[in-house]
Structure formats: structure tokens, C-alpha cells
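Below: one structure, written as C-alpha cells.
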Amino acid sequence: MSDIGVTVKKAEDFSEWYTQVVLKSGLADYAPVKGCMIFREHSYAIWEKIQEIFNEKTKATGHKNVYFPMFIPESFLKREAEHFQGFVPQVAWVTIGGDS
């Protein structure tokens, strides 16, 4: 495989292959903030189309969309410590938030 294209085969390491495809295609890029990504114009358009199709299908069956909170108090997470343990690396801990 060339240095310009994807350097791993999908069958060998799907995760690395997918990451390279997304980054090298210009669909997304890493943000300067650790753990964050920038979803570029075309990837966001793909996401909007997925949402559109999904919404049509789910609403046709009488279902409604919901959103869950992005910020969850630490006290709630501690109550679910056994279930939460495996997700610790993905948690962004907010330590300061405004004046109160």
C-alpha cells in the first residue's frame, strides 16, 4: 500500500482502516482539543441524511425522538459505579462551569 492512501487493509485492522479512510478522505479531522473531532461539511451532510431517513422510518411507526443529557452530575455516575467503570476513559470531567 502507498504512503498516500490507506496503509492497512480493512480485514487486518478495521478500526485503523476506518480511521484512515475518514481522515484521509477529509470527512473529519482531529480538533485541537484533546478527545474531540471536527466533522467537516460532507460528513455532516451524510449524518443529516441518515437522521432524515431514520426519522421518517421511526415516526412512521409512531415513535418519537428524545435527547439525553450530555452533562451528568458526578453523584449520579457514582451511584452507577459498577456500570460506569468501563466508560471512565471516555468521560470529559468538567470542573468549572460559570459562576455557580
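Annotations
- Whole-Hz ³J(HN,Hα) from phi, Karplus 6.51 cos²θ - 1.76 cosθ + 1.60, for the range 39-54, glycine and proline x: 8, 6, 3, 5, 5, 5, 5, 4, 4, 5, 5, 4, 4, 4, 5, 4
- Taken over the Cα atoms of the range 42-100, the convex hull encloses 180 Å³ per residue.
- The protection proxy used here, the mean number of other Cβ atoms lying within 10 Å of each residue, ranks peptides 17-28, 60-71 as follows, highest first: 17-28, 60-71.
- With contacts taken as Cα pairs under 8 Å at a separation of at least 6 residues, the chain carries a relative contact order of 10 percent.
- 4 °C / 1.567 mPa s Stokes-Einstein diffusion coefficient of the range 1-49, Kirkwood radius on C-alpha pairs, µm²/s: 109
- Per residue solvent-accessible surface (Å²) - the chain, probe of 1.4 Å: 94
- Rounded to whole Å, the principal axis extents of the Cα atoms in the chain read 52, 39, 31, largest first.
- Expected 222 nm ellipticity per residue - DSSP helices of 4 or more, -39500 (n - 2.57), all of the chain, to 500: -12000 deg cm²/dmol
The values are calculated or read from the model by the stated rules, or taken from the named source; none is laboratory data. The structure presented is a predicted model; accordingly, all values stated were derived computationally and were not measured. Virtual Cβ from ideal backbone geometry, glycine too; neighbours counted across all protein chains shown. In case anyone asks, the SASA skips ligands and DNA or RNA and just uses the protein heavy atoms, side chains included. Shrake-Rupley method; radii C 1.70, N 1.55, O 1.52, S 1.80 Å.
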